[in-house]
Every structure is written in structure tokens, then in C-alpha cells.
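Have a look at the structure below before the remarks.
The values are calculated or read from the model by the stated rules, or taken from the named source; none is laboratory data. Predicted model, so just to flag it, every value in this text is computed and none were measured. For neighbour counting, all protein chains shown are included, and Cβ atoms are generated from backbone atoms with ideal geometry for every residue, glycine included. Ligands, DNA and RNA are stripped out before the accessible areas are found, and what is left, the full protein with its side chains, is counted by its heavy atoms. Shrake-Rupley method; radii C 1.70, N 1.55, O 1.52, S 1.80 Å.
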Amino acid sequence: MKRVRVAPAASFDMEIKSIAPDKSISHRSAMFSLLSDRPSTIRNYLKAEDTLHTLHIVQELGATIKKEGGTLTITPPSSLKEPEDILDCGNSGTSMRLFCGLLAGIDGFFVLTGDKYLRSRPMARVAVPLRSIGAKIDGRERGNKAPLAIRGNASLEAFEYDSPIASAQVKSALILAALRAKGASKYSEPKRSRDHTERMLQGMGAKLQTKANDDRYAVFVEPLREPLEPLDIKIPADPSSAFFFAVAAAIVPGSRVVLKNLTLNPTRIEAYKVLQKMGAQVEFVQKEDRYEPIGDIIVSYGKLHGVEVYQNIPWLIDELPALSIAMAVAKGKSVVRNAKELRVKESDRIACVVENLKRCAIQARELEDGYEIKGGELHPAHIDSCGDHRIAMSFLIAGLVCGMEVEDTQCIETSFPNFLELLSQISEVRLGD
Ligand code: S3P
């Protein structure tokens, strides 16, 4: 599956129960099962390339995994095994950065690598603070790029680290290292990033406290004295994946979508609030609360107008490419700022969004830390996904307005394997070479 064509859609009204399970929570549930001494039960684990890589690594580290229907039972080893071979994280920054933190405090030798996109992403953001507490991590470009070699150190120093960026991956790596440190540690970031790690570890009994004030968010971590409680979790649907269909409903006149069983964690649904601010109708219906609030989001078409997005960026960073499609059809100008992190995602998403919008005859301009988009009429175009799943899916959704051809769509498998199947329920989808 390389090139995909999508035809313009008529109005639609659908309920989607099969949005891909949450990627961030899936990765964490597999990794955190290694912190217990009893089997964890995980229902609805995401079966996409990224999270299957993580599962495989967990196995390489000595866990046994039983699959029965939609349930995984992960039994951790009594102590983590030194793997015989390199550990392949595929396309996943979450997998590589969190494993750096988890393995930094384990006695053994580990090599983490990934595909060409992951091997070009910055790892110093975890390697530097981990090295400063005694971990031995090296790699290309003085330890900034994978492959990364880790010589684990079972006596990491306790630390206080004030991160210059709000990143859940950096935070989680440091929290995982802090669990193996010699004393209590404190991690802080400029703004609370997605907090699944804190919620899940607290749910497993870790001694971890959080504190937010006006200018920073801090996490205080006590080292593990004994193994944690096992996880017993059903992974909710991924709001970042669901957001493609939220945008679809918001831009195709007369449409409505009910997105079922998503995590409604406030650090994950900010993009829906922006869509609401732009003029779409959005309703949140919470149904349960275990580790995370969970419920449905209903989105209906509305006449969209331009918006400025410069706050709470970590809470919608993954949705910005899809949001750019809503901005492209909105009346007036939209601006995204404070989002420099977009440059080091699976692609340079600032350059890639702007270039592809221009191909669709939309006026767009790169800023150092975001972009400006002048809403207009989308035209069918030939899109380069830049090997990035979120770019590929965003422009296929744009195609629901005017038709579109997107090149290099294999990457969709990293996070949302049934995306095209769902898209084909809205409009005609054709696969090419
Ligand atoms: C993720 C955190 C975010 C996000 C990524 C998944 C996670 O990255 O963009 O897709 O699961 O922790 P950063 O933490 O680097 O901002």
C-alpha cells in the first residue's frame, strides 16, 4: 500500500467504535508490566507497528506474553534479561525514549535502534539528563542519534531536573529512571505534558506525587522498594487517531460523527476544543474513570473560522497536522505558534504541512515555531506524506472535500491500521502502488 486516492464525500453520519486503541497508553502498559512481579492484564492493546515493536522488546527482555482474544497477559521475568540482539523500536520515539529511562538503571547492555526516521530524531533530550545521573548512553552524533548503546547502571543517582521542554517522553524516561535511583527525585517541566505515566504508575502503587503551579509542573518520585501491583487495564480509543474523523465531520457539510470510548484525559483533547472554538459542534460525554476518564466525543459540521493556537501546545501537538486541514477550509487566517517541537516529530511537520497545503492551492507560510494558514478552497493535489503517518492521514481527510492522492501511505500502519477501512465507509478509496 503506497499511493492512496480518495474521492470527495457526501455528508455522512456515523458512529465509530473501532478507532485504534491509544498508542501512548499501549506502549506504557507493555513497558510498565515489567515493573511488577505478577502478570498484568491488558485488553484492547493497539496492534499497530509501533506498539508491536514495544511488545517484542518487552519479550526480548524476558517477559512472556499470552494472547487470548483481545486480551494480553504479560508475565514479567524475575529480573530483566540482557537481550541477545539489538532492540528495534521501529518508528516510535516513545518506545526509544522510554526504554532509555527504563534500561538506564538495569544492569546489562542494550542497543536501541529504529527506522531511518527514528534514527534521525534527537535523543540527547533523554541521554543527557540520564548520563548526568550515572547512566552510560552513547550513540551517533555524541549520543544524540540512534543506534544508542546503553550500559545500564544499577545505582543511578537521585536527581532534580528542570526540563527545558514539556515532553511526556522525556518526563516518562526520567520518571522510569527515578524508580531505580538511590533516593527521591524531582522532575519538572514548563507545562504539564500528557500524564499517562503518572496516572498509570500511581494506579500500580508507585510513590509518585505531582504538583502544578503557574509556571511549572513537577513530579516527585520515590524509588521502588518492592515490585509494583500489576496492571489491569482496558486501553481506551486514541483521541489523536479519532481526531482525523472529527476533522472529517467538521469540514464535510451536514456531517456528524460519534467517536466511542476515547480517553478524555485533558492533556489529550485540546484539539477538539480548538475545533469547537473554530465553529464545529463538539460534545464530550464521560462514561467511566479508571486510570483515565473515558467517554465519547460527538462532532458535527459547523462553518469554521480561523483561530490562533499558541497555548497548551503539548496537549494538541499530535493533532496539529489534522487541525491544519480544518484551518485550510476555515474563513480567515489561522496561526500556530510555540510549536517548534513539530520540527522533530516523525517528519518536520511544519515544513511538510505547509508544502502540502500549498500543493492544494492554500496560502500557507512557515514560521520558525509554527505556521500561518489563510483559509480558502482546497484543490485536489498529489501529496507527499514525508513518511509520516499523521501527514498521510490528514491529507486523505482533506480529500473528502475535493479528492486527493497521497503518496507513501505505508506509514499509516504505525498507528492506525484500520484507518483506510473507516475512511472507505465515508468515501471511495483506491489503493495504488
Ligand atoms: C508521546 C508524547 C508526545 C507525542 C508522541 C507520544 C508519548 O511526544 O508527540 O506522539 O506517548 O509520550 P513528546 O513527549 O516528545 O512531546
Anything in segment 116-141 that is away from the ligand (no atom under 13 Å from the Cβ), assigned to a helix (DSSP H, G or I) and either modelled with pLDDT under 95 or surrounded by 19 or more Cβ atoms within 10 Å (Cβ to Cβ) (or both)? List them, or say none. Ala127, Pro129, Leu130
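State all residues of segment 208-222 that are crowded, with 18+ Cβ neighbours inside 10 Å and either in contact (Cβ under 8 Å) with a residue 60 or more places away in the chain or aromatic (Phe, Trp, Tyr) (or both); if no residue qualifies, say none. Talk me through it step by step, then tell me what you get.
The initial filter retains those residues of segment 208-222 that are crowded, with 18+ Cβ neighbours inside 10 Å, namely 208, 217, 219, 221.
Within segment 208-222, Tyr217 is the sole residue that qualifies.
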Have a look at Lys81, Lys17 and point out the one that is more than 16 Å from the ligand (Cβ to nearest atom) and outside the structural domain of Pro417 (by TED's automatic domain parsing). Lys81
Among the residues of segment 145-157, count how many are buried (at least 16 other Cβ atoms within 10 Å of the Cβ) and either free of Cβ contacts under 8 Å to residues at least 40 places away in the same chain or over 25 Å from the mean Cα position of the chain (by Cα) (or both). 4
Within segment 330-352, residues being open to solvent by 20 Å² or more (accessible area, probe 1.4 Å) and not in a strand (DSSP E or B) number 11
Taking segment 196-207, which residues are open to solvent by less than 10 Å² (accessible area, probe 1.4 Å) and within 16 Å of the ligand (Cβ to nearest atom)? His196, Thr197, Glu198, Met200, Leu201
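Only residues that are in contact with an Asp or Glu (Cβ under 9 Å, 6 or more places away or on another chain) and closer than 30 Å to Gly387 by Cβ: list them for segment 87-111, please.
Passing the criteria: Leu87, Asp88, Cys89, Gly90, Asn91, Ser92, Gly93, Thr94, Ser95, Phe110, Val111.
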Those residues of segment 280-320 that are open to solvent by less than 10 Å² (accessible area, probe 1.4 Å), over 22 Å from Ile391 (Cβ atoms) and within 16 Å of the ligand (Cβ to nearest atom) come to a total of 1
What residue, of Glu413, Glu366, Glu405, Glu355, is open to solvent by 50 Å² or more (accessible area, probe 1.4 Å), touching a residue at least 60 places away in the same chain (Cβ under 8 Å), outside the structural domain of Ala168 (by TED's automatic domain parsing) and not in a loop (DSSP other than H, G, I, E, B)? Glu413
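Table: residues versus (1) touching an Asp or Glu at 6+ places or on another chain (Cβ under 9 Å); (2) in the same structural domain as Pro266 (by TED's automatic domain parsing); (3) not in a helix (DSSP H, G or I).
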| site | (1), (2), (3) |
| --- | --- |
| Leu174 | no, no, no |
| Tyr187 | yes, no, yes |
| Ser193 | no, no, yes |
| Val219 | yes, no, yes |
Can you find a residue in segment 170-182 that is farther than 24 Å from Ala339 by Cβ and open to solvent by 30 Å² or more (accessible area, probe 1.4 Å)? yes
Tell me, please, whether a residue that is charged (D, E, K, R), closer than 25 Å to Ala20 by Cα and either crowded, with 21+ Cβ neighbours inside 10 Å or within 16 Å of the ligand (Cβ to nearest atom) (or both) can be found in segment 229-236. no
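Looking only at strands (runs of 3 or more DSSP E) that lie completely in segment 1-115, which have at least 3 residues being open to solvent by 10 Å² or more (accessible area, probe 1.4 Å)? Full working, then the answer.
Values: elements: 4-6, 13-16, 40-43, 64-68, 71-75, 109-113.
Those strands (runs of 3 or more DSSP E) span 13-16, 64-68, 71-75, 109-113.
What helices (runs of 4 or more DSSP H), lying completely within segment 228-329, carry at least 3 residues that are over 18 Å from Val401 (Cβ atoms)?
Details: elements: 239-251, 270-278, 320-329.
The qualifying helices (runs of 4 or more DSSP H) are 239-251, 270-278.
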